[in-house]
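Trainee: Below you'll find the structure I mean.
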Amino acid sequence: MRTCLRAPLLATVALVAVASVAAAEEAYHLGPLDQLQVKVSDLRAGTGEAYQWQAFNGDFTVGASGQVSLPVVGEIMASGRTTSDIAAEIAERLKVKAGLATKPDASVQIVKFRPFYVTGSVEKPGGYEYRPNLTVLQGVSLAGGIQRVPTDVLLQFVRDAVQSRGEIKQLAATRVALIARQARLDAEIKEAPLTFPAELESRSKSPEIARILREERLALDTRRTSLTAQIANLKQNKDFLTEQIASLATKDSTTAEQLEIMKTELARVTGLVNRGLSAMPRQVETSQTIATLEANRLDTQIAVIRARQDISKADRDILDLKDQRRNAALQELAETRIRLNETSAKLEAARNLLYQAEIRSPATVVANAEAYTKPEYTILRRRDGKSEQIQADENDLLQPGDVVRVQPHLSDAAKGSVPGMSAETAQTLGGPVNDF
């Protein structure tokens, strides 16, 4: 008796299940990128054979406008409609176009659903082909599953920390050298004694910093000694020219006296020649002597002028030399300040990288060890032209076109707190000079 009752009951359950599946399939509404297979046939009255319309062989894709373009019947709006709706419209249009007495049999099947998308903390974000009854967990599995932290990530953090420490050490050394150079250039431009900032003087016992300060002092002394030597050389040349002018002035005075004597002699000889008391050659000889003395005196005066010009040039050279040294120091100071700013910015960035590599990132990995095992799922779905967000469970069903966003479940501690840093890290991340 029980067996007899069970058979009808099972049959009834099976029919209900089939009806439910059929209803679910009919309820599906098409959208862009759905691929359809259309078949049209009719029964020929004369032969009694079924005729297949060859024009509809192939697959057809719903376009971005929501329409599907079909041969003979043209474009049909498919978005938001079921396959039964499309089949009925195709049959009606063919009846009208072909002038048939009855509508042909048309069937529309979905051969490929429009894709769904997975984004967020998955191994392979992107679009994937949809299939019926696809759950959130299955969709995430198609995207490679929940994103996993590589096993060697902590080792990579250690390598990054070591590299950042090396960069910080190098940048800190460069910064100290630039600060010392800036102090030296300031002293050179102002022609003042060299004094270094307190942050360097307070650590002058450090061998490396002591070396940098010593080199800058030596550089300043060398440049000042070189400038002093060049200026002294030019002044010595001026003194020599001054003495030369004095000698030339004495020579010119002597030549002038001789010239006056010879002119007096020439006048006396000319009077004697005119009276016939002296020979003509003596007059000529005296005239030549006068001409020679005048030429010598002119050469002496020209030499004095040239010497004075050389003295003026030496004065200009001294001024030019000082200006050149000052301009070179100003240009070098500007370049040093630019490099100092760049180095300070790089040093700050290196400290941040070290903080991330040694503290923040490892702490986040440890704190979120379980965050990826219990992710949060959000489905972004467009419905009636509007977008909505649905908080989902891994067993919820997806629809074509859905976007599944996967996010790790972060605890409050993971979001805000970071374990205390080590003494070594605190020292490394300390003041601007203590890195060195």
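The values are calculated or read from the model by the stated rules, or taken from the named source; none is laboratory data. Small disclaimer: the values here were computed from a predicted structure and weren't measured. Please note: Cβ atoms are built from the backbone with ideal geometry, for glycine as well, and neighbour counts cover all protein chains shown. For the accessible areas, the whole protein counts, side chains as well, though only heavy atoms, and no ligand, DNA or RNA atoms are used. Shrake-Rupley method; radii C 1.70, N 1.55, O 1.52, S 1.80 Å.
Trainee: For L134, which sequence-distant residues (separation of 5 or more, or a different chain) have an amide H within less than 5 Å of its own amide H, given hydrogens modelled in the peptide plane?
Mentor: Counting only residues 5 or more places away or on other chains, the set is L398.
Trainee: Students often get this wrong, so check it: of K39/K103; K322/K346; K124/K346; K190/K238; K169/K205; K238/K322, which have C-alpha atoms separated by over 24 Å?
Mentor: K322/K346; K124/K346; K190/K238
Trainee: List the residues, sorted by chain then number, that are 5 or more residues from E376 or on another chain and whose placed amide H is less than 5 Å from its amide H.
Mentor: Q407, H409
Trainee: Solvent-accessible area of D317, probe 1.4 Å, all protein chains present, reported in Å² to the nearest ten, please.
Mentor: That residue has around 50 Å² of solvent-accessible surface.
Trainee: I would also like to ask the following. Accessible area per residue, 1.4 Å probe, Å², for the stretch 41-115: what's the number?
Mentor: 57
Trainee: Let me ask something additional. Could you work out the Kirkwood radius for the stretch 79-218, taking every pair of different alpha carbons, averaging 1/r and inverting it, reported in Å?
Mentor: On the way: mean 1/r = 0.0428 Å⁻¹.
Hydrodynamic radius (Kirkwood, Cα only) of the stretch 79-218 equals 23.4 Å.
Trainee: Let me ask another. Taking 30 Å as R0, compute the FRET efficiency from the Cβ-Cβ separation of K95 and A64 and round it to 0.05.
Mentor: That gives a FRET efficiency of 0.50.
Trainee: Quick check: pseudo-label points 7 Å beyond the Cα along Cα→Cβ at K235 and Q309, how many nm apart are they?
Mentor: Label-label distance for K235 and Q309, simple model: 2.7 nm.
Trainee: Keeping the other protein chains in place, figure out the carbon and sulfur percent of the accessible area of the stretch 144-293, with a 1.4 Å probe. Kindly include the intermediate steps, with their values, before the conclusion.
Mentor: Numbers: 5200 of 9290 Å².
Of all accessible area on the stretch 144-293, carbon and sulfur atoms account for 56 percent.
Trainee: A follow-up question, please. Over the stretch 216-285, give the accessible area per residue in Å² for a 1.4 Å probe, as an integer.
Mentor: Each residue of the stretch 216-285 exposes 68 Å² on average to a 1.4 Å probe.
Trainee: Once the piece of chain linking N57 and S204 is laid out straight, how much longer is it, given 0.36 nm per residue of separation minus the C-alpha distance between them?
Mentor: 44.0 nm
Trainee: Right, another one. Got a sec? Which residues in the stretch 199-235 would a label at D317 touch, if it sits 7 Å along Cα→Cβ and we count backbone N under 15 Å?
Mentor: 227-235
Trainee: Further question on the same structure: Rg/Rh for the stretch 229-288 to two decimals, with Rh computed the Kirkwood way over all alpha-carbon pairs. Kindly include the intermediate steps, with their values, before the conclusion.
Mentor: Values: Rg = 21.0 Å, Rh = 14.5 Å.
My calculation puts Rg/Rh at 1.45.
Trainee: Which value in nm describes the separation of the simple spin-label points at A192 and Q244, placed 7 Å from the Cα toward the beta carbon?
Mentor: Label at A192, label at Q244, 4.1 nm between them.
Trainee: May I pose another question? Report the extension gain between N341 and N133 in nm, rounded to one decimal, defined as 0.36 nm multiplied by the number of residues separating them, less their alpha carbon distance.
Mentor: On the way: separation 208, 0.36 × 208 = 74.88 nm, distance 6.07 nm.
Here the segment from N341 to N133 would lengthen by 68.8 nm.
Trainee: If each residue of separation counts as 0.36 nm, what is the full-extension length gain between A295 and Q356 once their alpha-carbon separation is subtracted?
Mentor: Full-extension gain reported as 13.0 nm.
Trainee: Please work out how much accessible surface M262 shows to a 1.4 Å probe, ignoring ligands, DNA and RNA, in Å² rounded to 10.
Mentor: The value for M262 is about 40 Å².
Trainee: Around L321, under 14 Å between beta carbons, what's the net of Lys plus Arg minus Asp minus Glu among the other residues?
Mentor: Numbers: positive: R223, R224, K235, K238, K313, R316, K322, R325, R326; negative: E188, E191, D315, D317, D320, D323.
Residues close to L321 contribute a combined charge of +3.
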